[in-house]
Amino acid sequence: MEVFRQLRTHDYSSYILSTFTPPSLRDAHLVIRAFNIDIARIADQVSNITVGRMRMQFWRDVIEKTYNGHPPQEPVALLLSKVLHEDGIAFTKSFWIKVIGAREQYLANQSYATLDALEAYSEATYSSLHYLSLEALNYKSTNLDHVASHIGKASGITAVLRGTPLMAAPGPNSTQAAVLLPVDVCARNGLRQEDVIRHGGAAPGLKDAVFEIATRANDHMITAREMLKRAGDEGKGPAFTTFLPAVPTSLYLGRLEKVDFDVFDPSLQRREWRLPWKAYIANARQQF
């Protein structure tokens, strides 16, 4: 299946975690994550913002047509149509549109003005994916929504940290280098974003800024764990599988701490070989 291959190539974590999804819901999981890949990659695939906005509008049209029973001949659209109209999963359309809108807002790969702005972006993107995953189970629970919200925020914030070396691409030959780290955090820690591009991990103030951002992500992980405990049996079984993206997020934050918050440490760019085992343990214990 094309969508499955796409997941394996561009989102290894979701590819691994898909094995823990109940078989009846695997297509729903795949379409949520594959959609996210397609939208997230637009900024890196287009040469200018105008083309990027056209691509975003294309995806809005895809969602509308698919919900209306006329999906384009496109792998994600066809799978979404199957999930909606054959499997009968009642996804809320606005969640897909919200992801598109949030990604479109940052098409230029500009910095987040504040840490709160990065958090809001993570809620609109990553948390929305979690809400869709819960809807696939037909779960309507404030407790579980809160868990999903905090995991999504932690995952979105962590994704920006993880992507910093790739986006900054330090060196004189870099023509499209960007630093997305929140401007307010950089200012508080005396970090100049141009120094990140020029000096990478040696940029003055970078580790302190990364520590502050990572602390916010970790705070969301702590809150998510506490709220999962409060949810009791409601958060176990199939519902818990929707929270498994917390595992790779937690693993990255732990590795980041071990290298003293140097996001440019080469070890952080290696594939997390422990993920299958850690996800298995988390699922068995119903804890992340």
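What's the exposure ranking of 35, 58, going from fewest to most Cβ atoms within 10 Å?
Values: 35 23, 58 13.
The most exposed by this proxy come first: 58, 35.
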| Shape of the range 1-108, Cα gyration tensor, a/c cut at 1.5 | oblate
| task | For residue 65, list the lysines whose Cα falls under 16 Å from its own Cα; do not include residues on the same chain fewer than 8 positions away. | result | 82, 93
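Taking R0 as 35 Å, what FRET efficiency do you get between residue 280 and residue 87 from their Cβ-Cβ distance, rounded to the nearest 0.05?
0.85
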| query | How many lysine pairs in the range 110-288, separated by 8 or more positions in sequence or lying on different chains, have Cα atoms less than 26 Å apart? | reply | 12
| field | Cβ-based exposure ranking for 273, 96, in which fewest neighbours within 10 Å come first | value | 273, 96
| query | What does the chain give for Rg and for Dmax, in Å, if only its C-alpha atoms count? | reply | 18.8, 55
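Please report 1, 221 as a ranked list, fewest other C-beta atoms within 10 angstrom at the top and most at the bottom.
1, 221
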| remark: With residue 188 itself left out, Lys, Arg at +1 and Asp, Glu at -1 over residues whose Cβ is under 11 Å from its Cβ give -3
| query | Length gain on complete extension for the stretch residue 19 to residue 257, per 0.36 nm per residue less the alpha carbon to alpha carbon distance? | reply | 82.8 nm
| field | Gain on full stretching of the segment that runs from residue 192 to residue 114 - 0.36 nm per residue minus C-alpha separation | value | 26.6 nm
| Let a ≥ b ≥ c be the square roots of the eigenvalues of the Cα gyration tensor of the range 28-179; is it rounded (a/c under 1.5), or, if not, prolate (a/b larger than b/c) or oblate? | oblate
| said: Running a GNM on the chain with Cα contacts under 10 Å, which residue among 105, 45, 269 ends up with the highest mean-square fluctuation? | reply: 45
| remark: Mean-square fluctuation maximum in Gaussian network of the chain, Cα pairs under 10 Å, restricted to 111, 149, 127, hits 111
| message | With a cap of 10 neighbouring Cβ atoms within 10 Å, and only residues DSSP puts in a loop, list the trypsin sites (Lys or Arg not before Pro) found in the range 241-283. | response | 270, 271
| said: Only Cα pairs within less than 10 Å get springs; with that Gaussian network setup on the chain, which residue of 13, 24, 122 has the largest fluctuation? | reply: 24
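All of the numbers you see were taken from the coordinates with simple rules; none came from a lab. Computed from a prediction, not measured in an experiment: that's the story for all the values here. We place every Cβ from the backbone using ideal geometry, glycine too, and count neighbours over all the protein chains shown.
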